[in-house]
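> Structure in structure tokens, see below.
Each reported figure results from applying straightforward, stated rules to the coordinates on display, with no laboratory input. Remember, predicted model here, so these are calculated numbers, not experimental data. Positions of Cβ are generated from backbone atoms using ideal geometry, with glycine treated the same way; all protein chains shown enter the neighbour counts.
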Number of protein chains: 2
Amino acid sequence: MRIVGACGGRGTCGTCVVHIVEGEVEHRQGTEHRDLADTPAGHKRWVQACLVSARSDCTVEVAPRSLAPVVRAELESGEAEILPLDPAVVSTDLALPEATLTDNLSDADRLARALGARIDLDLAAARQLPGALRAGRWSLRAHVRSDWRGQELIGSADVGRPTLGLAVDLGTTNAAAFLIDLESGVRLASLGIENPQVAWGADLISRINAAVKSEAAALELQAAAIAAINALAHDLCHAVGAAVNDIVDVAVCGNTAMHHLLLGLPVAQLGRAPFVAAAARGMDLKARDLGLTTCPGAYVHVVPNVGGFVGGDHVTALLATEERWAGSGTHLVMDIGTNTEISLIHRGEFLTASAPSGPALEGGHISCGMRAAEGAIERVRLGADGRIAIEVIGGKEAIGLCGSGVLDAVATLHRAGIMDDRGRLAAGHADVAEIAGKRVAVLAPGVHFTQDDIRSVQLAKAAIRTAVDMLLVLAGLEESDIERFIIAGAFGAYIDVDSGVATGLFPDLPRQRFFQVGNAAGVGVRRMLASKQARARAEMLAQGCRYIELSTMAEFQKCFLQRIGFPANTRKRTPA
Amino acid sequence: MRIVGACGGRGTCGTCVVHIVEGEVEHRQGTEHRDLADTPAGHKRWVQACLVSARSDCTVEVAPRSLAPVVRAELESGEAEILPLDPAVVSTDLALPEATLTDNLSDADRLARALGARIDLDLAAARQLPGALRAGRWSLRAHVRSDWRGQELIGSADVGRPTLGLAVDLGTTNAAAFLIDLESGVRLASLGIENPQVAWGADLISRINAAVKSEAAALELQAAAIAAINALAHDLCHAVGAAVNDIVDVAVCGNTAMHHLLLGLPVAQLGRAPFVAAAARGMDLKARDLGLTTCPGAYVHVVPNVGGFVGGDHVTALLATEERWAGSGTHLVMDIGTNTEISLIHRGEFLTASAPSGPALEGGHISCGMRAAEGAIERVRLGADGRIAIEVIGGKEAIGLCGSGVLDAVATLHRAGIMDDRGRLAAGHADVAEIAGKRVAVLAPGVHFTQDDIRSVQLAKAAIRTAVDMLLVLAGLEESDIERFIIAGAFGAYIDVDSGVATGLFPDLPRQRFFQVGNAAGVGVRRMLASKQARARAEMLAQGCRYIELSTMAEFQKCFLQRIGFPANTRKRTPA
């Protein structure tokens, strides 16, 4: 069991809530007043775990919404996936003639002769080879990686072992991994866990700051990411009765900060203008150089980044959605997250930007925010009685609000007139209460939505919409020119598009132009794992994107401020 | 100070002699009788250091011949060497435009743009790049390695730093290293040290056995070789005012066992028939994968082996002597050492074999053997008075016998009739004494040459000559067909060819056919360090050698026994 902690222990996010059942705790100086005993949760003494230290053995109850969940990675359709194969690593079962005094080639050359090719040798694979050959009585399974540079023996195994690949989508919040049979292209298993780097903060900037401040923290952040991937690899292999040694290839995508922290690249220059990446192109590294546990000589293909704040996960999203945007039209691909990446595609050219949307839309840094798990409010509607109506995952009692519910809540509060065009909660409504002198919308008993929560959502949606509009201006286009508005990402799949339009997050386009394609980054990185052609295509896409750093442009601030409020027309259109 | 130890602490070689000045020692059980108090060294209590343990603090005097010397690597002519350049790594000083919000390429792409090339990134070099660029105000020196696969940034440095290469000849007995300026081709410095692996035994088989018996020993043997190379690199760089970080490329040659132990490859299959190498082809490894301290992304080029007992040091010797054997004639290249490698070259074809000659010829496992250092007898002649006459290095009092002296001693004892054709010392000669019931030839006061020493030399020279003769038979040639008999190797440079012929080590060819070319392996590995073409040529040479495993052929034993004695004709030709 792990407790959620979005702010890295700074006491600002309120996600790590526990109830001290038994035992003594001491408050961090100056935080005593922040006990949550007066929350609607009632008589229990709730505290933020990061603000107290135990002074004795304690029994604590973790608030349901503070429990770190095992994440569903299966956000795509449940259909069996078979990937197009053009793998970098091909395995061959071989039976070699035994070495004799007259046929005394080296073990490596004997293998190369049997394969009929000149092959380079990974050092670890070479170390393994003599033992493997003799233990297997001169039969073995050779894992050979090939690219345009040549061929390399990266490992060997007993004849008949599987040949597996691991695709990893290393997100800021969650890490999802997929185990692929590289001989059939079949996805064997999928698994997601929370990115353990959240202990240094839910957002990228917190982690970048931590890494810049202390080299030890940078190494710990790297180690946390590696440990997460190794844990996923282990569990996935275990689930299908394989061993991590059967993993002969790895592909990883992530945003640029995740990429840098994973590779141990410096991030100082990423965190301040002009926000420059240390490296952007796709890289093929020895998995062991990162500490990944795989077949000894396996490589990890690291997906190329576009720029400082548009990473490989956007490239894989573009790759995975190419069927939808290919051709000569005008389309937009957006992946909403803590950082939202956007590509405006017009006549085959890419204008790409990122928006610092923060975690609010996903339910992070929201007073009653929680993950999409049982008890989370996932839909908020205006009931026929003019009161707020909710849908809760699992049909249980509501304990918090997840991302898709957040956007619904804002849209509904506005539609109902509980909140005005500037985002202020009205006094006197039946669903509005006052807690500690501040107005909150009460979504369910104990689950409230505060004025601060609304502000967070306003900043997030304004940042995203500003980015879209500025890209359109740069391209000389209008909103209405967008033929397909492709919403990628696990979170985007659950958004209610009407709520998105109602809040001004999305432009008011005909609804059939919106496509919610789910975790496209995951699809893309799996395709890259399975196919060298897909890797080459991804490199072209990354190179093809013209990355625009919007946040420092003169127009940005003005445009952003204009988009903080809510569109009056959507309020008028609400059912009376 | 280090003490020589040729047998790996088994008490068999007697090279680690010390005098206990003060303190108590305990003998290893059953070795008490082996104190050397009765040696000609006289009244001092000499013991083999490996056979005693200290029971108190001790003061010891190390016998001069047991002191491990710093070895001269400068065995080639003292002339300044300038190598032909075609280096794998080229360094370029660059001044880049500073990154801005509109010119926001990644650091790596900015560098590639300035170089006008697509370059891959070494991970360690990528980690270093952002800091180096900003510390140097967007100027730096880029180390880029190129081969037919492409280009790779392997490191960066301040503008104007040197670009150095390290060539290493990792011998069984000594490790020699050479620091080369890769921009001028000039050899800047050279240094040799004893291979610290001698602690596991002077000969290959002892070390192979140690590595096979215990994985820990294998790792220690590897670590010892790495430590030796790192120490050489450090001292060489220090001597020229450079830093190990300036070393951007490394080339290493050694025999196959040294190669395997250095790379951590299994050696079990190397030590038993059919004596197969794990890997033979040239390899390019990241220096850091071996623990070598260089520029972070530097590679080490490991010279290809020919077979189980003919390693990369023979390939480099062939490469370095190509001027002498090129063309259509019949030539022989021999590198005498603990293991002696021989290639018979006939009409451009190579028949290659090795002979297990052991350390005797080099003064190892010889009762008064020592390195070629002050006090070593390096020449033994028959004086006009029919008595033995010696020449001592440095003109000092003789304290031992080095390699070139060993062969001279045997030749002279035979020529003088002190020793018969079968190698038996005669009784009654003025220079023959009896110690502990065994005859010894007294070369100087306290320096004797025993019957066992003579037997060791006989086995060594018979093994080498047998290999030569069997190769000739296989090629259908006669001794007299050899047009050039090229003796490579540091030791071979000091041999007296007449003594070699007199003892039957060499065939009795006209003396002008012999060429003593010195440490050709060192020359060859330096050429390979400096030139990609030389590496390609070496790979061709290694592939071109037809490796013959002689020791297990039926004729070998018979042929060998015939060559243990001494040629009667040379005795007759001695001056009366």
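> Once the mean 1/r over all distinct Cα pairs of region A:360-448 is inverted, what Kirkwood radius in angstroms do you read off?
Details: mean 1/r = 0.0776 Å⁻¹.
Mean inverse Cα-Cα distance, inverted, gives 12.9 Å.
> Still on this model: Under the Karplus relation 6.51 cos²θ - 1.76 cosθ + 1.60, θ = phi - 60°, what is the ordered set of whole-Hz ³J(HN,Hα) values for region A:215-226, x standing for Gly and Pro?
5, 4, 5, 4, 5, 5, 4, 4, 4, 5, 5, 4
> OK, next. Would you work out the relative contact order for region B:322-576, in percent, from Cα pairs under 8 angstrom that are 6 or more residues apart?
On the way: 487 pairs, mean separation 57.6, N = 255.
After rounding, I find 23 percent.
> Would you mind checking which residues have amide H under 5 Å from A:Arg281's amide H? H placed 1.01 Å from N; only 5 or more apart, or other chain.
A:Asn305
> Using the 10 angstrom Cβ neighbour count as an exposure proxy, how do B:Ile193, A:Ile464 rank, fewest first? Before the final figure, lay out each step's value.
Values: B:Ile193 20, A:Ile464 24.
Ascending number of Cβ neighbours within 10 Å: B:Ile193, A:Ile464.
> Next question, about the same structure. For B:Arg28, go 7 angstrom from Cα along the Cα-to-Cβ vector, then report the distances to that same point in the other copies in nm, smallest first.
Relative to the other copies, B:Arg28 has label-point distances of 6.2 nm.
> Quick one: compute a quarter of the convex hull surface over the Cα atoms of region A:308-373 and quote it in nm². Let's see the in-between values first.
Working: hull surface 21.5 nm².
Directional mean of the projected Cα hull area for region A:308-373 stands at 5.4 nm².
> Put a point 7 Å out from Cα along the line to Cβ at B:Ala114; what are the distances to that point in the other copies, in nm, shortest first?
Those separations, rounded to one decimal, come out as 4.9 nm.
> Test of understanding: ordering B:Thr316, B:Thr100, B:Thr294, B:Thr163 by Cβ neighbours within 10 Å, fewest first, what list do you get? Spell out each step's value before the answer.
Values: B:Thr316 34, B:Thr100 11, B:Thr294 28, B:Thr163 23.
Taking fewest neighbouring Cβ atoms as first place, the list is B:Thr100, B:Thr163, B:Thr294, B:Thr316.
> Let me know the mean shielding of B:120-133 by other chains, meaning the per-residue number of their Cβ atoms within 10 Å of its Cβ. Working shown, then result.
Working: counts 5, 8, 3, 10, 2, 1, 9, 7, 3, 5, 11, 4, 0, 3.
Partner Cβ neighbours, averaged per residue: 5.
> Could you calculate the FRET efficiency of B:Asp57 with B:Glu397 from 1/(1 + (r/R0)^6), where r is the beta carbon distance between them and R0 is 45 Å, rounded to 0.05?
Working: r = 31 Å, r/R0 = 0.69.
Efficiency, rounded to the nearest 0.05: 0.90.
> Just want the ordering: B:Leu270, A:Leu166, from fewest to most Cβ atoms lying within 10 Å of their own Cβ.
Details: B:Leu270 26, A:Leu166 29.
If I rank by nearby Cβ atoms, fewest first, I get B:Leu270, A:Leu166.
> How far, in degrees from 0 to 90, does helix B:451-475 lean away from the longest principal axis of the Cα atoms of chain B, to the nearest 10?
Tilt of helix B:451-475: around 60 degrees.
> Report the closest approach of any chain A C-beta to the axis of the A-to-B rotation: residue and distance, in whole angstrom.
It is A:Arg149, 2, counting Cβ atoms only.
> So how far apart, in nm, are the two label points at B:Arg347 and B:Asp385 if each is 7 Å from Cα heading toward Cβ?
Once both label points are built, they end up 5.8 nm from each other.
> Explain nothing, just compute: Karplus ³J(HN,Hα) = 6.51 cos²θ - 1.76 cosθ + 1.60, θ = phi - 60°, for every residue of region A:483-493 in order, whole Hz, x for Gly and Pro.
Result, ordered by residue: 7, 10, 10, 9, 9, 9, x, 4, 5, x, 5 Hz.
> Sticking with this one: If the cut-off is 15 Å between C-alpha atoms, which aspartates and glutamates fall inside it for A:Lys396, apart from same-chain ones fewer than 8 positions away?
A:Glu374, A:Glu378
> Taking the DSSP beta bridges in the protein assembly as shown as the whole, what percent of them are antiparallel, to the nearest 5?
Values: 147 of 205 bridges.
Expressed as a percentage, antiparallel bridges in the protein assembly as shown total about 70.
> In the neighborhood of A:Pro274, defined by Cβ-to-Cβ distances under 14 Å, what is the net charge if each Lys or Arg adds +1 and each Asp or Glu adds -1?
Details: positive: A:Arg272, B:Arg110, B:Arg134; negative: A:Glu549, B:Glu98, B:Asp103, B:Asp107, B:Asp109.
Once all neighbours under 14 Å are counted, the net charge is -2.
> To check you understand DSSP bridge types, tell me what percent of the beta bridges within chain B (both residues inside) are antiparallel, rounded to 5. Present the calculation step by step, with values, prior to reporting the outcome.
Working: 74 of 103 bridges.
Of all bridge pairs located within chain B, approximately 70 percent are antiparallel.
> Could I ask something else about it? Which of the aspartates and glutamates could a cross-linker span from A:Lys558 if the Cα-Cα distance has to be under 17 Å and same-chain partners fewer than 8 positions apart are dropped?
Excluding near neighbours in sequence, the set is A:Asp469, A:Glu549.
> Two decimals is fine: what is log10 I(q)/I(0) at q = 0.11, 0.12 Å⁻¹ for chain A, from a Debye sum with one equal scatterer on every Cα and no solvent?
-1.02, -1.17
> Separate question: If you look at just the Cα atoms of region B:235-352, how large are its Rg and its Dmax in Å?
Calculated on Cα positions, Rg and Dmax stand at 16.6, 48 Å.
> So who's got an amide H within less than 5 Å of the one on A:Arg546, skipping anything under 5 residues away but keeping other chains? H placed 1.01 Å off N, in plane.
A:Phe350, A:Leu351, A:Thr352
> Also, quick follow-up: Could you pull out every one of the aspartates and glutamates with an alpha carbon less than 18 Å from that of A:Lys438, ignoring same-chain neighbours closer than 8 positions?
Output for A:Lys438: A:Asp35, A:Asp38, A:Asp420, A:Asp452, A:Asp453.
> Taking the simple approach of a point 7 Å from Cα along Cα-to-Cβ for both A:Trp148 and B:Glu81, what is their distance in nm?
The two pseudo-label positions are separated by 3.9 nm.
> Tell me the GluC sites (Glu not before Pro) within region A:465-561 that lie in a loop according to DSSP and have at most 12 other beta-carbon atoms within 10 Å. Kindly include the intermediate steps, with their values, before the conclusion.
Numbers: sites: A:Glu478, A:Glu479, A:Glu483, A:Glu539, A:Glu549, A:Glu555; in loops: A:Glu478, A:Glu483, A:Glu549.
Those satisfying the criteria are A:Glu478.
> Provide the net charge surrounding A:Thr330, with neighbours chosen by a C-beta distance below 12 Å and charges set as Lys +1, Arg +1, Asp -1, Glu -1.
On the way: positive: A:Arg347, A:Arg484, A:Arg513; negative: A:Glu349, A:Glu478, A:Glu479, A:Asp481, A:Glu483.
Result for the local shell: -2.
> Regarding the protein assembly as shown, what's the average projected area of the Cα-atom convex hull, expressed in nm²?
Working: hull surface 213.6 nm².
Hull-based average projected area comes out at 53.4 nm².
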